[in-house]
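Only one structure is covered here, and it is reproduced in the block below.
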Amino acid sequence: MRIFVRVKPSSKKENVEKLDETHYTVAVHEPPLEGKANKAVERALAEYFDISRSSVEIVSGLTSKIKVVEIVI
């Protein structure tokens, strides 16, 4: 399953918000430096979908706030 994610790095509160079937907003504490926010997004989505972190992969948008994420369920 592919989803589109808008990331809000350096947020005070971490959360995952579902906008529709394929669009989500993910807020994470980590800053967008050295891939820290990307790892936090993968972790947050894995917790949200209750799957392992290795089942979540960012396939596009590594340096962008809008990402395409592949989730293997």
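Each reported figure results from applying straightforward, stated rules to the coordinates on display, with no laboratory input. Bear in mind that the values here come from a model prediction, so they are computed numbers and not experimental data.
Counting each DSSP H run of 4 or more residues in the chain as -39500 (n - 2.57), what helix-only mean residue ellipticity at 222 nm follows after dividing by all residues, to the nearest 500 deg cm²/dmol? Mind dumping the intermediate values first?
Details: 1 runs with 14 residues, N = 73.
Computed ellipticity for the chain at 222 nm equals -6000 deg cm²/dmol.
Quick one: compute a quarter of the convex hull surface over the Cα atoms of the chain and quote it in nm².
Values: hull surface 16.6 nm².
Computing the convex hull of the Cα atoms and averaging its projections yields 4.1 nm².
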